[in-house]
1. Which members of region B:49-70 meet the condition of being aliphatic (A, V, I, L, M) and in a loop (DSSP other than H, G, I, E, B)?
2. With the checklist (1) touching a residue at least 24 places away in the same chain (Cβ under 8 Å); (2) more than 30 Å from B:Ser5 (Cα to Cα); (3) assigned to a strand (DSSP E or B) in hand, flag the one item A:Lys54 doesn't pass.
3. Pairs only if they're at least six apart or on different chains, beta carbon under 8 angstrom, first in region A:69-84 and closer than 12 Å to A:Lys54 by Cα, second modelled with pLDDT of 95 or more and among the aromatic types (Phe, Trp, Tyr); list them, first residue then second.
4. Output the residues belonging to region B:42-60 that are of a type outside the set (A, V, I, L, M, F, W, C) and either at the interface with chain A (Cβ under 9 Å from one of its Cβ atoms) or free of Cβ contacts under 8 Å to residues at least 24 places away in the same chain (or both).
5. If you scan region A:1-33, which residues turn out to be outside any strand (DSSP E or B) and either of a type in the set (D, E, K, R) or farther than 21 Å from A:Leu109 by Cα (or both)?
Amino acid sequence: LAKTTQPISMDSYEGQEVNITCSHNNIATNDYITWYQQFPSQGPRFIIQGYKTKVTNEVASLFIPADRKSSTLSLPRVSLSDTAVYYCLVGGNYGGSQGNLIFGKGTKLSVKP
Amino acid sequence: GAGVSQSPSNKVTEKGKDVELRCDPISGHTALYWYRQSLGQGLEFLIYFQGNSAPDKSGLPSDRFSAERTGGSVSTLTIQRTQQEDSAVYLCASSPGRPNNEQFFGPGTRLTVL
């Protein structure tokens, strides 16, 4: 399974755009890239998933360069409620035979007023 | 529909006792995961079930830990001879399986070993 590296923590202010980058140098051809969000005392919640280029939903955007060795989660105009831990996962073997995704330590985002 | 449920929500036990934690996944989900999360830490993968395949037990920290999934649905995580370092929140997640691997998490069981 591909290992991921992401910053331990980040600080931001309300209304700013936040970009969290994750490195996954040994990503496999069939691996997805998935991001989850976790609030205190809750289980993680799916945010976005992509394979290549750019994916956007109502919550975030995910940018994946051509070599797929990194990915960037972009949160537009964050609010205090976006304070959480964000996990980058690589795996899942898109269209393949395995479905397990392994969580790393995540990035703790703190949004300040 | 109902999400992933776990029971009990909290469990306090004495060192050396055995405990069983239960997970009811979302109906129809073929994949089921167990994780452990210590206070302020990330998620630690424990075990993964996919359909009728042999489970991936590579994350189990010791032979005191075991898990079963009966009938491809409910799962039980058993910890024998609990130790204080087993204290953590135990999270269960289920997933529809290929090609959608999004995991849906339960609320967790907070285990405290005295």
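1. Quick first cut of region B:49-70, residues aliphatic (A, V, I, L, M) only: B:54, B:60, B:67.
The answer is B:Ala54, B:Leu60.
2. The one condition A:Lys54 does not meet is (1).
3. A:Ser71/A:Phe63; A:Thr72/A:Phe63; A:Leu73/A:Tyr86; A:Ser74/A:Phe63
4. B:Gly42, B:Glu44, B:Tyr48, B:Gln50, B:Asn52, B:Ser53, B:Pro55, B:Asp56, B:Lys57, B:Ser58, B:Gly59
5. Those that are outside any strand (DSSP E or B) and either of a type in the set (D, E, K, R) or farther than 21 Å from A:Leu109 by Cα (or both): A:Leu1, A:Ala2, A:Lys3, A:Glu14, A:Glu17, A:Asn25, A:Asn26, A:Ile27, A:Ala28, A:Thr29, A:Asn30, A:Asp31.
Listed here are the residues, each with its yes/no results for (1) more than 14 Å from the chain's Cα centre (by Cα); (2) not aromatic (Phe, Trp, Tyr).
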{"site": "A:Gln6", "(1), (2)": "no, yes"}
{"site": "A:Tyr36", "(1), (2)": "no, no"}
{"site": "A:Gln42", "(1), (2)": "yes, yes"}
{"site": "A:Gln49", "(1), (2)": "no, yes"}
{"site": "A:Glu58", "(1), (2)": "yes, yes"}
{"site": "A:Ala66", "(1), (2)": "yes, yes"}
{"site": "A:Leu75", "(1), (2)": "no, yes"}
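The values are calculated or read from the model by the stated rules, or taken from the named source; none is laboratory data. Quick caveat: nothing in here was measured; it's all calculated off a predicted structure. Here the Cβ is made from the backbone with ideal geometry for all residues, glycine too, and neighbour counts use every protein chain on show.
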